[in-house]
Amino acid sequence: MTKKADLSINFCGVKFENPFCLSSSPVGNHAEMCSRAYDAGWGGIVYKTLGLEKSFKVVMPSPRLSVYNYGNKKFVGLQNAEQITDRPIKDNIRDIALLKKNYPNKILISSIMGYTDEDWSELAKMSEDAGADILELNFSCPQMAHKSAGHRVGQDFHAVAAFTEVVKKSSKLPVIAKMTPNITDMIPVAIAAKEGGADAISAINTIKAITDIDINNFTPLPNIHGHSAATGFSGPSVKPVAMRFVSDLYNSKDLNLPISAIGGIETWIDALHFLLLGATNLQVTTGILRYGYRIVEDMIEGLSDFMIERNIKSLNEIIGKATEKIVDPSEFTTRYQVISVIDEEKCIGCGQCYISCQDGANQAIKFDPKTRKASVDEERCVGCLLCKHVCPVWDCISYKEVDTKNAKHAAIF
């Protein structure tokens with residue numbers, strides 16, 4: 001039998017068998033879908049955001065997806081005009097109750113979005129009565145067609161604190177506040193949620209973006225009967241932004257709440273990155289949209305193997321480890337400088353490093369047209385490593401670190 005690491009986590013006082021969850025989206029839209037996800041191995045589900053049709057009836061636009069391709073790379077991002085669930089609240093509550101009956105040991109998080117205090121309170125109570133384990137408050141949907149919902153609320157500190165407090169008074173369940181990235185600084189809003197009683201923060205929701213334009217009719221995509229809008233963008237392209245926000249949240253001394261990370265997670269390495277930046281729980285949508293629920297198998301196996309190889313007994317040992325190395329740029333040391341090193345045997349003579357260094361760096365790369373090999377002028381090299389990043393041969397260009405106070409000391413990387 002293959003040995004497995006202990007991937008269980010405790011999040012908001014609730015034990016998950018592993019940190020992997022569906023995020024609130026079309027991938028967790030009803031009981032049949034969520035059942036298949038549980039069977040595939042997901043540790044939890046954030047059910048698609050509930051609303052009350054008596055307050056606002058959701059009607060979905062169509063088409064509502066536009067994929068972002070770059071060169072020959074397909075699906076590096078996805079734009080959507082999706083709103084919260086358009087299913088009747090009675091059907092969703094019935095499905096939540098059914099899921100908890102059939103999967104009592106799996107975790108179900110009910111995502112809710114109200115428009116008034118009464119809405120938030122009612123949705124919280126209904127979710128708790130149906131058996132939900134945790135509540136997630138959607139303060140961040142970037143395209144909800146309602147003036148008092150989604151990211152508009154998430155940009156209002158007072159509204160976030162007030163609605164969070166309403167929910168906490170209406171339910172005994174732990175509460176996660178889901179943040180919008182469509183804001184300059186997420187920390188003040190997260191602190192407002194904490195002041196309202198939030199037990200955790202989830203981040204990020206999708207980033208408002210425009211992904212493509214049909215140049216035949218000059219209409220941005222998705223083309224919804226001749227119109228479009230800047231709507232939610234997700235997938236691998238948003239991961240660097242998501243990692244920045246998660247790191248900010250974890251490093252905030254005033255916040256000090258557990259974090260559920262969302263944004264471009266498709267592989268176990270993506271998952272590991274977010275754990276190292278301080279996330280305890282992980283949520284996925286776009287990776288599932290492209291590859292299906294089965295990606296959790298690879299994420300579980302990869303993360304488990306990583307822990308076993310390094311004798312890591314618990315995820316708690318590595319959560320936040322990378323944040324210890326994050327400092328303000330003003331604290332960077334300038335004592336150590338690097339110089340590029342080109343492996344002549346691996347150089348294929350494409351000249352890309354030469355072109356990029358000549359036109360975009362410090363003119364430190366030489367190129368011999370006879371041998372078709374590149375070399376480094378160490379006197380001119382400033383260690384920006386543009387050459388390494390543009391080289392098509394992954395391990396052709398490395399670098400050495402030089403101690404400027406002791407020029408004889410150098411280490412190859």
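The values are calculated or read from the model by the stated rules, or taken from the named source; none is laboratory data. A quick note: this is a predicted structure, and the numbers were derived from the prediction, not measured. Cβ atoms come from the backbone with ideal geometry, glycine included; neighbour counts cover every protein chain shown.
So here's what we get for this one:
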item: Failed criterion for residue 109 (all others in (1) assigned to a helix (DSSP H, G or I); (2) within 24 Å of residue 11 (Cβ to Cβ) hold); result: (1)
item: Hits in region 186-219 - residues which are in a strand (DSSP E or B) and either free of Cβ contacts under 8 Å to residues at least 40 places away in the same chain or of a type in the set (A, V, I, L, M, F, W, C) (or both); result: 200, 201, 203, 207, 209, 213, 214, 219
item: Region 294-315 - residue that is among the polar types (S, T, N, Q) and touching a residue at least 24 places away in the same chain (Cβ under 8 Å) and, of those, surrounded by the fewest Cβ atoms within 10 Å (Cβ to Cβ); result: 314
item: Residues that are modelled with pLDDT of 95 or more and either at negative phi or in a strand (DSSP E or B) (or both), drawn from region 383-394; result: 384, 386, 387, 388, 389, 390, 391, 392, 393
item: Residues of region 123-150 satisfying the condition of being part of a helix (DSSP H, G or I) and surrounded by fewer than 24 Cβ atoms within 10 Å (Cβ to Cβ); result: 125, 126, 128, 129, 130
item: Filtered residue count, region 10-59, keeping only those that are farther than 19 Å from residue 303 by Cα, within 21 Å of the chain's Cα centre (by Cα) and not in a helix (DSSP H, G or I); result: 10
item: Close pairs (9 angstrom Cβ cut-off, 6 or more residues apart or separate chains): closer than 21 Å to residue 404 by Cα in region 334-362, in a loop (DSSP other than H, G, I, E, B) and of a type in the set (Lys, Arg) anywhere; result: 335/405; 362/380
item: Test: residue 350 is farther than 28 Å from residue 37 by Cβ, surrounded by fewer than 21 Cβ atoms within 10 Å (Cβ to Cβ) and among the hydrophobic types (A, V, I, L, M, F, W, C); result: yes
item: Residue match in region 115-122 (condition: aromatic (Phe, Trp, Tyr) and assigned to a helix (DSSP H, G or I)); result: yes
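So that you can scan it fast, the table gives a plain yes or no per residue for (1) small (Gly, Ala, Ser); (2) surrounded by 19 or more Cβ atoms within 10 Å (Cβ to Cβ); (3) farther than 27 Å from residue 80 by Cβ; (4) out of contact with any strand residue (DSSP E or B) (no Cβ under 6 Å at 6 or more places or on another chain):
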site	(1), (2), (3), (4)
163	no, yes, no, yes
167	no, yes, no, no
173	no, yes, yes, no
180	no, yes, no, yes
189	no, yes, no, yes
199	no, yes, yes, no
